[in-house]
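The values are calculated or read from the model by the stated rules, or taken from the named source; none is laboratory data. The shown structure was predicted, so the numbers you read here are calculated from the model rather than taken from an experiment. Here the Cβ positions follow ideal geometry from the backbone for every residue, glycine too, while neighbour counts run over all protein chains shown.
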Amino acid sequence: MIVKKYKEYAPVVIPTLSRWNHLERCIDSLRQNELSEFTELYIGLDYPPNESYMEGYEKVKAYLENGIDGFLNVNVFVHSKNMGPGGNLDFLRAEVKKKYTRFIETEDDNEFAPSFLSYINDCLEKYEADDSVVAVAGYNYPIDTSDFAGNTYYDDCYFAAFGFGTWVDKFQTMRDTITYEEFWRFYKNRQMMSRFCKYYPNQYCNMVKAALGYGMQVIRGNDIWKMDMTYGLYMFSHNKKMIYPTISKVRNWGYDGSGENCDEIVCDTTKKVTHRNFSFECQQLDLQKWSGEIVLTENISYDNIARRLDSYFEIPVVELYKVKAAYYISRIIGVDRARKLLT
């Protein structure tokens, strides 16, 4: 079989700690990909922060020491002290930069379709010179894409971190741009915030709550936590975008309460599917063979796509009004005084 040659095959970065069952599923699914034999893995095993992680850590360590086949090469880094999720990832990204200009990043709780690596590598090849594209998602949110004419689409605010491909330089530029000062420039731009609220009310609420100290802890001292939400702020404010598959090539098993970033979700099937009521582990995976042809959906307007995403990331109307009021109050009396009133 002749396999398409790329400028380079993107390596896969996987930070891990103690979830041996998730890690094995992740590796096994990647091994089923056509390009696995051309793909390097970079696995960082963090040291447990406390005794409660030790049993799982020892199982992961034994699994890694037993060897992993089916890939071009497997680079395993066993840390002697706790690096934390961010420190572990930073270490792995630095290692990848020594050899590659692009990479795929995933947590250990993701399962991949057999076409994942081919799709990601094709997109990384096609969009490398397009400065407006910062990354390629392997995951797609459970929105209706049955009327999409293409097999991909783009979004300029939501950054799906459940297995994504990117380029070293573009990713670093994004992270360097996400600063404390940049966050507040965005926040104080009323025109930008108004447009943000119109298209992405969920992200708008996340940002305002973070700024006023009663939501996600994005502000950490005089720095900003660089993660999917702040990546989304960067894309929206700098006219960047992420490419998505119309059918997800990733299934996330991390909403079982075992992870650092995802709380446990118990789905009520009698209610509407939203980001807080969805059985992620049951999500449909794209099992069709990847054609190699990237077709961007153009028959659906961008506003229409944004509305579908907004419906999935549903925010109660009352909550949205409260957050908008909090934002306006903070602009009148100042963020510090508003924060004291709200926390």
**OP:** Check segment 228-244 and report whether any residue there is surrounded by fewer than 20 Cβ atoms within 10 Å (Cβ to Cβ) and either farther than 30 Å from GLU125 by Cβ or among the β-branched types (Val, Ile, Thr) (or both).
**Re:** no
Original post:
Consider ARG19 against the criteria (1) closer than 26 Å to ARG175 by Cβ; (2) at pLDDT 95 or above; (3) surrounded by 22 or more Cβ atoms within 10 Å (Cβ to Cβ): it satisfies all of them except one. Which criterion is unmet?
Top reply: (2)
**OP:** Check whether at least one residue in segment 221-230 is assigned to a helix (DSSP H, G or I) and closer than 19 Å to LYS324 by Cβ, and report yes or no.
**Re:** yes
**OP:** With respect to ASP169, determine if the residue is under 21 Å from GLU298 (Cβ atoms) and not aliphatic (A, V, I, L, M).
**Re:** no
Original post:
Only one of these conditions is not met by SER146: (1) under 23 Å from PHE103 (Cβ atoms); (2) of a type in the set (Gly, Ala, Ser); (3) part of a loop (DSSP other than H, G, I, E, B). Which number is it?
Top reply: (1)
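Of the residues PHE164, PHE171, PHE196, only one is over 14 Å from the mean Cα position of the chain (by Cα) and of a type in the set (A, V, I, L, M, F, W, C); which?
Working: PHE164 fails: over 14 Å from the mean Cα position of the chain (by Cα); PHE171 fails: over 14 Å from the mean Cα position of the chain (by Cα).
Of PHE164, PHE171, PHE196, the one residue that is over 14 Å from the mean Cα position of the chain (by Cα) and of a type in the set (A, V, I, L, M, F, W, C) is PHE196.
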**OP:** Scan segment 217-224 and give yes if some residue there is more than 18 Å from TYR302 (Cα to Cα), crowded, with 18+ Cβ neighbours inside 10 Å, touching a strand residue (DSSP E or B) at 6+ places or on another chain (Cβ under 9 Å) and hydrophobic (A, V, I, L, M, F, W, C), otherwise no.
**Re:** yes
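Only one of these is in contact with an Asp or Glu (Cβ under 7 Å, 6 or more places away or on another chain) and of a type outside the set (A, V, I, L, M, F, W, C): ASN151, ASN88. Name it. Working first, answer last.
Numbers: ASN151 fails: in contact with an Asp or Glu (Cβ under 7 Å, 6 or more places away or on another chain).
Matching residue, one of ASN151, ASN88: ASN88.
Is at least one residue of segment 133-144 surrounded by fewer than 24 Cβ atoms within 10 Å (Cβ to Cβ), closer than 16 Å to GLN284 by Cα and among the polar types (S, T, N, Q)?
From segment 133-144, those surrounded by fewer than 24 Cβ atoms within 10 Å (Cβ to Cβ) are 133, 139-144; that's our starting set.
Of the ones still in play, those that are also closer than 16 Å to GLN284 by Cα are 139-144.
From the residues that got through so far, the ones that are among the polar types (S, T, N, Q) too are 140.
Yes, segment 133-144 has at least one match.
Only one of ILE27, ILE14 is in contact with a strand residue (DSSP E or B) (Cβ under 7 Å, 6 or more places away or on another chain) and under 14 Å from ASN73 (Cα atoms); which?
Numbers: ILE27 fails: in contact with a strand residue (DSSP E or B) (Cβ under 7 Å, 6 or more places away or on another chain).
Residue meeting the stated conditions: ILE14.
Quick grid of which residues meet (1) surrounded by 21 or more Cβ atoms within 10 Å (Cβ to Cβ); (2) more than 15 Å from TRP20 (Cβ to Cβ); (3) in contact (Cβ under 8 Å) with a residue 40 or more places away in the chain:
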| site | (1), (2), (3) |
| --- | --- |
| THR39 | yes, yes, yes |
| PRO48 | no, no, no |
| GLU58 | no, no, no |
| ASP69 | no, yes, no |
| HIS79 | no, yes, no |
| ALA94 | no, yes, no |
| LYS97 | no, yes, yes |
| GLU105 | yes, yes, yes |
| ASP108 | yes, no, yes |
